[in-house]
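Presented below is the structure to which this report refers.
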Amino acid sequence: MRLNASVPAPARRGTVTLVAAVLLLVGGLLLALPERAGAAADPLISRGKPATASSSETSALGPQNAFDGDPATRWASVEGKDPQWIRVDLGANADVTRVSVTWEAAYAKAYRVEISADGTTWTRLADETAGNGGTDDWPGLAGKGRYLRVYGTARGTSYGYSLHEVEVYGSIDGGTPPTGAFSVVAAGDIAAQCTASDSSCAHPKTAALARRLDPKFYLTMGDNQYDDARISDYKAYYDKTWGTFKDKTHPVPGNHETYDPAGSLSGYKSYFGSIAYPQGKSYYSFDEGNWHFIALDSNSFDQSAQIDWLKADLAKNGKQCIAAYWHHPLYSSGGHGNDPVSKPVWNILYAAKADLVLNGHDHHYERFAPQDPNGKATADGITEIVGGMGGAEPYPIENVQPNSQKRISGQYGVLKLDFTDSGYSWTYVGTDGKAKDTSPKYTCH
């Protein structure tokens, strides 16, 4: 049943008894009330999730706008073409019980709401053949899948399709969202010496995307500011984009932070202050939910102080899941390639049954199958992600490494990581708001 906030749905033809009519009226009123019975059982599960679309009229009207919770933003397809669709990745299989669709003036006269487990085979949940715009509310649905789309088949105007918001309600994995679930946005190799006035400048675009995704916090994997990471450059470039959410950021330094003429890491430390040195060193750790996060300075992996600290930190850890991040990757298919400086750290993390490592340095996106420090694929290995596409000039893929499962170069974006008390998964999201790669779902060791 569709409830339209602008125009009532047409009544069904046929004979209806007085009792049935009363029941229908009461039921309709209950559904229309904001605090209707059962509403608490339908949590919103689509907010901020990666979205894709068949087309977008402009880059500013991308599909992510329909899932950002902001009624002032919107997605718009190209004009004058049918069919068109918009799709959201819920991140895992979900039981969908309700979908709300809020149209802009360019609405659909006919459309379907569909669900899919794999993004290929679709099952119809709802079907509109006489749409009139406004807000269509579809309660009482019973669908299961990871992907949901609104598929427009006939435009109600001469323009395209335009949606202010699509809201999907239900539960992830057959239950309520896992206890302790949270999301994180991460990237490395970020602020080139350019500003938003330059159309080719990428870090304002990745920052805008990171802000829209609205995670619990942000991680940077080094080379936050180019070229020499002076404090003046941090203030002129990084601060105008990624710096707008500095208070929610847990950074680490890269090699470019060591090039500062004022001294190694001088501008980095001056800009971030205690945010980057919460424990008095350029490396530190913190907890969120059932996760222990370890931020390391790979410029000084050859110094025993950091290695000793890491061992002591892991010995004190009481969390089930462990993620670590730093700049130089042990394995990479990019121009810099493998960096053995990380090998001793991998040995320590692997012995502690760590789950996830995030790196930058090479300016591309890459994910690896779980592997041990020697590069042997193993189910109890560490999953590594290279995420150096935050804004610096892309590097090509040069020498594909064993266990590399996916590589993307030339498309700027960020990692959106989803953590639960017992596992994790992620999506690489491009600056156009589209999901470029989605990981398997992993369980913590």
Name the residues in the stretch 77-92 that are of a type outside the set (Lys, Arg) and either assigned to a loop (DSSP other than H, G, I, E, B) or farther than 28 Å from Ser439 by Cα (or both), would you?
Ser77, Val78, Glu79, Gly80, Asp82, Pro83
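Okay, residues lined up against (1) in contact with a Ser or Thr (Cβ under 9 Å, 6 or more places away or on another chain); (2) open to solvent by less than 40 Å² (accessible area, probe 1.4 Å):
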| position | (1), (2) |
| --- | --- |
| Tyr238 | no, yes |
| Trp242 | yes, yes |
| Phe245 | no, yes |
| His250 | yes, no |
| Ser274 | no, no |
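Sort out which residues of the stretch 203-222 are charged (D, E, K, R) and either in a helix (DSSP H, G or I) or closer than 12 Å to Gln193 by Cα (or both), and write them in order of number. Lay out the reasoning, then the answer.
Quick first cut of the stretch 203-222, residues charged (D, E, K, R) only: 205, 211-212, 214, 216.
Those that are charged (D, E, K, R) and either in a helix (DSSP H, G or I) or closer than 12 Å to Gln193 by Cα (or both): Lys205, Arg211, Arg212.
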Tally of residues being open to solvent by less than 10 Å² (accessible area, probe 1.4 Å), small (Gly, Ala, Ser) and either touching a helix residue (DSSP H, G or I) at 6+ places or on another chain (Cβ under 9 Å) or farther than 18 Å from Ala324 by Cβ (or both) across the stretch 416-431
1
Given the criteria over 24 Å from Trp426 (Cβ atoms) and modelled with pLDDT of 95 or more, does Lys246 qualify?
no
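When you scan the stretch 121-129, do you find a residue that is in contact (Cβ under 8 Å) with a residue 24 or more places away in the chain, in contact with a Gly (Cβ under 8 Å, 6 or more places away or on another chain) and surrounded by fewer than 22 Cβ atoms within 10 Å (Cβ to Cβ), even just one? Steps first, answer last, please.
As a first pass, look at the stretch 121-129 and keep what is in contact (Cβ under 8 Å) with a residue 24 or more places away in the chain: 122, 125-126, 128.
Retained after the next criterion (residues that are in contact with a Gly (Cβ under 8 Å, 6 or more places away or on another chain)): 125.
From what's left, surrounded by fewer than 22 Cβ atoms within 10 Å (Cβ to Cβ): 125.
Looking for residues that are in contact (Cβ under 8 Å) with a residue 24 or more places away in the chain, in contact with a Gly (Cβ under 8 Å, 6 or more places away or on another chain) and surrounded by fewer than 22 Cβ atoms within 10 Å (Cβ to Cβ), one finds at least one in the stretch 121-129, hence yes.
If the requirement is being of a type in the set (A, V, I, L, M, F, W, C) and on the phi > 0 side of the Ramachandran plot, which of these qualifies: Ala196, Ala236, Ala229? Steps first, please.
Working: Ala196 fails: on the phi > 0 side of the Ramachandran plot; Ala236 fails: on the phi > 0 side of the Ramachandran plot.
Exactly one residue qualifies, and that residue is Ala229.
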Which is under 24 Å from Gly391 (Cα atoms) and open to solvent by less than 20 Å² (accessible area, probe 1.4 Å), of Ser270, Ser282?
Ser282
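Name the residue that is surrounded by the fewest Cβ atoms within 10 Å (Cβ to Cβ), counting only residues in the stretch 388-415 that are part of a strand (DSSP E or B) and of a type in the set (A, V, I, L, M).
Let us first name the residues in the stretch 388-415 that are part of a strand (DSSP E or B), namely 404-408, 413-415.
Still in the list and also of a type in the set (A, V, I, L, M): 408, 414-415.
Numbers: Ile408: 17, Val414: 27, Leu415: 27.
Here the residue is Ile408.
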Just to verify a result, which residue in the stretch 159-174, among those that are more than 15 Å from Tyr111 (Cα to Cα) and among the aromatic types (Phe, Trp, Tyr), is surrounded by the fewest Cβ atoms within 10 Å (Cβ to Cβ)?
Tyr159
Cβ-Cβ distance below 8 Å, separation of 6 or more or different chains: which pairs start in the stretch 264-283 with a residue that is over 18 Å from Tyr325 (Cα atoms) and modelled with pLDDT of 95 or more and end on one that is part of a loop (DSSP other than H, G, I, E, B) and among the acidic types (Asp, Glu)?
Ser266/Asp260; Gly267/Asp228; Gly267/Asp260
Hits in the stretch 79-118 - residues which are open to solvent by less than 20 Å² (accessible area, probe 1.4 Å), free of Cβ contacts under 8 Å to residues at least 40 places away in the same chain and of a type outside the set (S, T, N, Q):
Val113, Glu114, Ile115
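Have a look at Tyr107, Tyr147 and point out the one that is aromatic (Phe, Trp, Tyr) and at pLDDT below 95. Step through it out loud before you land on a result.
Values: Tyr107 fails: at pLDDT below 95.
The unique qualifying residue is Tyr147.
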List, please: which pairs have Cβ atoms under 8 Å, are six or more places apart or on different chains, and start with a residue in the stretch 313-339 that is under 14 Å from Phe301 (Cα atoms) and open to solvent by less than 10 Å² (accessible area, probe 1.4 Å) and end with one that is part of a loop (DSSP other than H, G, I, E, B) and of a type in the set (Gly, Ala, Ser)?
Ala324/Ala354; Trp326/Gly222; His327/Gly188; His327/Gly222; His327/Gly254; His327/Gly360; Pro329/Gly360
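Within the stretch 113-186, considering only strands (runs of 3 or more DSSP E) that don't extend past its boundaries, which have at least 1 residues that are touching an Asp or Glu at 6+ places or on another chain (Cβ under 7 Å) and closer than 30 Å to Gly360 by Cα?
Per the criteria, 143-155.
The values are calculated or read from the model by the stated rules, or taken from the named source; none is laboratory data. As the structure is a computational prediction, the values presented were derived from the model and not from experiment. All Cβ positions, glycine included, derive from the backbone under ideal geometry; neighbour counts span all protein chains shown. We work out accessible area using only protein heavy atoms, side chains counted, and drop any ligands, DNA or RNA first. Shrake-Rupley method; radii C 1.70, N 1.55, O 1.52, S 1.80 Å.
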